[in-house]
Amino acid sequence: MIRIGFKKYGTLILLKAKGSLEEKLKPLGYTVTWSEFPAGPQ
């Protein structure tokens with residue numbers, strides 16, 4: 001399992017929306033878990 005944290009307006013949201021990372025990693029036996037952060041470092 002791979003856990004990825006992202007912010008609502010960051011660039012990773014595009015990767016999450018497409019689902020392409022999950023598609024590439026699934027044949028290798030990995031699952032992706034996304035966690036949204038409410039804000040970045042203050």
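Hey, what did the chain get for relative contact order, percent, Cα under 8 Å, at least 6 apart?
Working: 42 pairs, mean separation 25.0, N = 42.
About 59 percent, as a whole number.
Can you tell me what percent of all Cα-Cα pairs in the chain are more than 13 Å apart? List each step's numbers first, then the result.
Details: 468 of 861 pairs.
That fraction is 54 percent.
Would you calculate a helix-derived [θ] at 222 nm for the chain, using -39,500 (n - 2.57) for each DSSP H run of n ≥ 4 and dividing by the full residue count, to the nearest 500? Could you put the intermediate results ahead of the total?
Working: 2 runs with 13 residues, N = 42.
-7500 deg cm²/dmol, from helical runs alone.
Which of the lysines could a cross-linker bridge to residue 7, judged by Cα under 21 Å and excluding same-chain residues fewer than eight apart?
The qualifying lysines are 16, 18.
FYI, it's all coordinate maths here, none of it is from the lab. Quick caveat: nothing in here was measured; it's all calculated off a predicted structure.
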